[in-house]
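Reviewing the structure listed below.
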Amino acid sequence: MKDDLREEEPELDRAEAELRRAQVNEDLGEPECYYFEEYEAPRMNPSVVAAHKRIGLLQKFNKWQGKAMRKMQKSMDKMVSKIKSLEKKVSGSSARRRRHP
């Protein structure tokens, strides 16, 4: 019941909050002129919120995909170098056999 009254009377909540802040400020010795009301940003349009969420998900996916591509590229580079070194070994050993029949 008390919560219902608070929802209907936001001015009362604001006044109580100011009173509490004034008491705290008096305890701290701070002058009232340095008190600023807390900024409450306007609510965003639901479609804008959904768009931001989707953009965030796309960015996360792209980051994951980039990491996977770099990892795959690294393993491919290692595999290519391994194949080239094996080809050199094979071509070197086959050249020796041809010279010495």
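The values are calculated or read from the model by the stated rules, or taken from the named source; none is laboratory data. The structure presented is a predicted model; accordingly, all values stated were derived computationally and were not measured. As a convention, Cβ positions derive from the backbone with ideal geometry for all residues, glycine included, and neighbour counts pool all protein chains shown.
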Taking V49, is it modelled with pLDDT under 95 and of a type in the set (V, I, T)? yes
Out of curiosity, is D13 surrounded by fewer than 10 Cβ atoms within 10 Å (Cβ to Cβ) and either modelled with pLDDT of 90 or more or in a helix (DSSP H, G or I) (or both)? no
